[in-house]
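Worksheet for the structure shown next.
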Amino acid sequence: MDTLDDLVVPEETVLEACGDTPLPEFGLIERVWSTDPVPNDRVESAAAEAVESLDFDDVPEGGEVAVGAGSRGIANLPSIVRGVVGAVRDAGYDPFVFPAMGSHGGATGEGQREMLESLGVTEDAIGCEIRSSMEVVRVGETDDRGVPVYADANAAAADAIVPVNRIKPHTTFSGDVESGLSKMLVIGMGKQRGAKVAHEWAVDWSLSEMVPEIASTLLEALPIAGGIAIVEDQHHETAIVEGVPPSGFLDREAALLDRAYELMPSLPFEELELLVVDRMGKDVSGSGMDTNVVGRIPHFYEPDPETPEIKRIFTRSLTAATHGNAAGLGNADFVHGDLVSEWNPTPTLINGLTASAVRVQALPPAVETDRAGLVAALSTIGVEHAGPESARVLRATDTQRLERLHASEALVERARERDDLRVIQEPEPIDFEDGELTAPSPDTPRGERAD
């Protein structure tokens, strides 16, 4: 085998092996959500106002403030970071931004800087210096288990630290705090070394216990002025921007997590034969595809969610912002050859080693075309819902954008009976060109062209 292309099975081979597999017709359905986001032209000022809730009492005039930014595709991230930086400077301090993203970016300082830049967080956009390094310092150990605790060396040397992160359900564990400010301190600010230590201990005790324990140690050991918490709505728009002082880190974050659960988008059906995901990546979810959406947990020591139940997942590509990191790839059953050509095994493996989640980094069977992927998936679902009129199939842009979905005929009929769904395009036969889907992604992000 000379190249990655040799891993891709030709369409002709798949079709011959699967035999006659009729495909369902697809319509387009839309979710009916009521939301109240922060207007885009108010997000920066809202972030600046949130800084007023933080504790800078022990920071000397002109002292350095390290602002942590991560690798997730957070809506309005450049505006939020810019607002925080501006408010810190207006208060008389000297801000800089550091990447708080564990091992992402191939576990290199330059790679993490590039990840921030791909998300629009550049020095010109935010108005301050970005200091990106994988160097860490050991700041202590936890009281209960003696777990060593590490932090970004640039951040630890500053007079104050302000993490900026979205509060949301995590993709690999559930607890009082999940993905948010505390996890950014532990995993993100810990860089590759700190993240690996936390995940190694989590194999025995779960991240739901390790994150609060290590976060408490960091809050005691470092000058953390508080954090800027973000909650997004179902449309992936900014719903809440709030300053959280260190005294309320764990408690307030738990309350915001409850709100994030209420607003989290999910699939509108709990049982599917097939989910087609147009793209996955670290900017979409830490697991590439949000496990809360697809119902598959990448860690062997955490149970899968009870719902949804999806027999097959076919994933078509990687996002540009993930830079080849296909962490979570093993949650798919089949992938398109295009994804294989975009896949970079090195950052993917580093991510898996850091998270102690190597099984889910495995490459699923790769097929040459969309038609081959659909046929391969639908020919392996059993017989109960195998016909084109009864197969329950959805196609999503990614697991973060679920407002509009291509749906098979069986699901379109169900959508007609529900107040929270509306049918905006009637089912019609799938159109292929050279074996590839011609219909654009169902929920193409605003301002972007459809794939």
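Points worth noting:
- Lone qualifier among VAL293, VAL335 - being modelled with pLDDT of 95 or more, surrounded by 24 or more Cβ atoms within 10 Å (Cβ to Cβ) and of a type in the set (A, V, I, L, M, F, W, C): VAL335
- Long-range neighbours under 8 Å by Cβ, at least six apart or interchain, first residue farther than 12 Å from ALA107 by Cα and open to solvent by less than 10 Å² (accessible area, probe 1.4 Å) within the stretch 188-205, second part of a loop (DSSP other than H, G, I, E, B) and among the hydroxyl-bearing types (Ser, Thr, Tyr): ALA202/TYR301; ALA202/SER356
- Qualifying residue in the stretch 403-416 (condition: of a type in the set (Gly, Ala, Ser), open to solvent by 30 Å² or more (accessible area, probe 1.4 Å), out of contact with any helix residue (DSSP H, G or I) (no Cβ under 6 Å at 6 or more places or on another chain) and over 28 Å from ARG72 (Cα atoms)): no
- Applying the set (1) surrounded by fewer than 16 Cβ atoms within 10 Å (Cβ to Cβ); (2) hydroxyl-bearing (Ser, Thr, Tyr); (3) in contact with a helix residue (DSSP H, G or I) (Cβ under 9 Å, 6 or more places away or on another chain) to SER356 leaves exactly one unmet item: (1).
- Some residue of the stretch 172-186 being at pLDDT 85 or above and assigned to a loop (DSSP other than H, G, I, E, B): yes
- For the stretch 107-142, the set of residues classified as under 18 Å from the mean Cα position of the chain (by Cα) and aliphatic (A, V, I, L, M) consists of ALA107, MET115, LEU116, LEU119, VAL121, listed by residue number.
- The stretch 326-362, residues that are on the phi < 0 side of the Ramachandran plot, part of a loop (DSSP other than H, G, I, E, B) and in contact (Cβ under 8 Å) with a residue 12 or more places away in the chain: ALA326, ALA327, ALA332, ASP333, TRP343, ASN344, ALA355, ALA357, ALA362
- Verdict on VAL81 being closer than 30 Å to THR322 by Cβ, over 26 Å from the mean Cα position of the chain (by Cα) and buried (at least 24 other Cβ atoms within 10 Å of the Cβ): no
- Count of the stretch 16-65 residues which are among the hydroxyl-bearing types (Ser, Thr, Tyr) and outside any helix (DSSP H, G or I): 3
- Residue match in the stretch 327-336 (condition: β-branched (Val, Ile, Thr) and more than 22 Å from GLY70 (Cβ to Cβ)): yes
- Close pairs from the stretch 124-146: first closer than 18 Å to LEU222 by Cα and modelled with pLDDT of 95 or more, partner open to solvent by 60 Å² or more (accessible area, probe 1.4 Å) and not in a loop (DSSP other than H, G, I, E, B), Cβ under 6 Å, at least 6 apart: VAL136/ARG193
The values are calculated or read from the model by the stated rules, or taken from the named source; none is laboratory data. Being a predicted model, the structure only gives us computed values, none of them experimental. Positions of Cβ are backbone-derived with ideal geometry, glycine not excepted, and every protein chain shown enters the neighbour counts. Side chains included, ligands, DNA and RNA excluded: accessible areas come from the protein's heavy atoms. Shrake-Rupley method; radii C 1.70, N 1.55, O 1.52, S 1.80 Å.
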